[in-house]
Amino acid sequence: MEEKKHGIFTQFKKDVRRRMITGLLLILPVYVTFFVVKFLFGFVGGTLSPVIKKVLQLLGVALPKTSLDEFIITFIGLILTFVLLYFIGIFAANFVGKSIINYFEGLLTKTPIIKNIYSSVKQIIHSVSLPGKQAFKRVVLVDFPREGTKSIGFVTGATKYNNEKEFITVFIPTTPNPTTGFLVFVTKDDVIDTNLTVEEAFKMLFSGGVLTPKEISSPFKTTNIQNLNS
């Protein structure tokens, strides 16, 4: 009788633990998604919030007193940010806009300290976003941190050593925070191309390898250094 009670209690504990884990797996993605969206909403919308509050003051409108008022102002700031970006894009596409932008870019590139930061950020953004660029569009495997141990990496470019030996630059992100990592220089023979998309690679990194595809294959051979720089 005692053994039967003990068995029922053990089964009850297992059942409770299993259901709690199931509930956690269901709610955790929603929880993380909520905070990511909340951060982006506050970051983008909050950019113009001080300007909107200043305009309201000039118009004699009372400043927000409740969280609902803050939410409305942030939401308006979010909409205005997208509208502003749209019109900046239109402005930058015409001759006058290009001339003004080039003038201010010239000032930035001639200012000490600022020119280094601005040039570096601009190059990174163009490398990642422009069509045809290879940066962060190829997911590869390389030997890291030691030979025989494979790590996920993103090809970010290519270079030459003494104008002879060809190297591929690979960014190896850390997990579960892929915003930091290591930059390694390897030969094209040391890079194994994969069939993974950038999204699949980031899923693996964020999950610590839990969301790993059943099979990783190499769809094509590593391209040469001319293609990497194109």
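Against the definition (hydrophobic (A, V, I, L, M, F, W, C), modelled with pLDDT under 85 and closer than 26 Å to Pro29 by Cβ), how does Phe136 come out, yes or no?
In short, yes.
So for the stretch 86-93 (the condition being within 26 Å of the chain's Cα centre (by Cα), modelled with pLDDT under 85 and not in a strand (DSSP E or B)), does at least one residue qualify?
yes
With the structure loaded, tell me whether Phe144 is closer than 19 Å to Ser218 by Cβ and not basic (Lys, Arg) or whether it fails that test.
Here the answer is yes, as Phe144 does meet what is asked.
Within the stretch 33-53, how many residues are farther than 16 Å from Leu80 by Cβ and among the aliphatic types (A, V, I, L, M)?
Residues meeting the conditions: 2.
Yes or no: the stretch 53-67 includes at least one residue that is surrounded by 10 or more Cβ atoms within 10 Å (Cβ to Cβ), within 30 Å of Lys115 (Cα to Cα) and not assigned by TED's automatic domain parsing to the domain that holds Ser207.
For the stretch 53-67, residues surrounded by 10 or more Cβ atoms within 10 Å (Cβ to Cβ), within 30 Å of Lys115 (Cα to Cα) and not assigned by TED's automatic domain parsing to the domain that holds Ser207: absent.
The values are calculated or read from the model by the stated rules, or taken from the named source; none is laboratory data. Just so you know, these numbers come straight off a predicted model, no measurement behind them. Don't worry about glycine lacking a Cβ; one is built from the backbone with ideal geometry, like all the others, and counts go over all protein chains shown.
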